[in-house]
Amino acid sequence: MTHTTSIVRRDPFNGMRQMMDRLFDDSFFRSGPAGWPGAAWSLEEGTLPVDLSQADGTIKVRASLPGFKAEDIDVQVHEGVLSIKAEQHESSDERFYRRERVSGSFSRRIALPGVVHDAEVDAHLEDGVLTLTLPLPEQPQPKQIEIHTS
């Protein structure tokens with residue numbers, strides 16, 4: 001009876017390399033969720049955490065702003081960039097022994113995925129959550145080109 005032994009060369013970094021390849025090859029980083037242009041993910045700045053989602057032909061943006069009133073919040077859309085700024089004005093004569101709740105001012109700028117520059121925005125503030133609803137832009141349809149003959 002003959003025994004054969006195979007030597008398998010193992011790369012200790014192969015698993016990590018595969019994981020990084022999947023991460024950077026993921027379509028989310030190239031083009032965002034299905035159908036959203038990649039350029040839409042190029043601008044993001046600020047300290048306000050937001051959720052950005054798509055459903056029922058709209059884009060929804062949700063931002064947690066507990067304790068803020070509607071008049072404390074400024075929302076603008078300009079050239080496809082959403083800007084949210086919120087600032088709380090508190091009494092300065094108060095002396096705190098402990099201060100753990102987040103307060104002050106927050107802002108966030110996010111490039112919206114393919115949103116038309118002058119899109120209607122529905123803004124609603126309820127229970128400390130700002131919800132913005134924007135219509136998804138119509139996807140360009142192929143145009144049939146007529147070929148002329150002489």
So, first residue more than 30 Å from residue 136 (Cβ to Cβ) in the stretch 93-112, second residue at pLDDT below 85 and surrounded by fewer than 10 Cβ atoms within 10 Å (Cβ to Cβ), Cβ within less than 8 Å, six or more apart or across chains; the pairs are 103/90
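Quick check on residue 58: is it modelled with pLDDT of 90 or more, under 19 Å from the mean Cα position of the chain (by Cα) and among the β-branched types (Val, Ile, Thr)?
no
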Selection from the stretch 97-119 of residues surrounded by fewer than 11 Cβ atoms within 10 Å (Cβ to Cβ) and either part of a strand (DSSP E or B) or at pLDDT below 80 (or both) yields 99, 100, 101, 104, 118
Scanning the stretch 81-108 for residues that are in contact with a helix residue (DSSP H, G or I) (Cβ under 8 Å, 6 or more places away or on another chain) and not polar (S, T, N, Q), the one nearest to residue 120 (Cα to Cα) turns out to be 86
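Here is a check on your reading of the model: is residue 44 at pLDDT below 60 and open to solvent by 70 Å² or more (accessible area, probe 1.4 Å)?
yes
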Going by the structure shown, is residue 93 of a type in the set (Asp, Glu), in contact with a strand residue (DSSP E or B) (Cβ under 9 Å, 6 or more places away or on another chain) and either assigned to a strand (DSSP E or B) or over 13 Å from residue 132 (Cα atoms) (or both)?
no
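The values are calculated or read from the model by the stated rules, or taken from the named source; none is laboratory data. Bear in mind the structure is a predicted one, so any value in this text is a computation, not a measurement. Note that each Cβ is placed from the backbone with ideal geometry, even for glycine, and that neighbours are counted across all protein chains shown. In case anyone asks, the SASA skips ligands and DNA or RNA and just uses the protein heavy atoms, side chains included. Shrake-Rupley method; radii C 1.70, N 1.55, O 1.52, S 1.80 Å.
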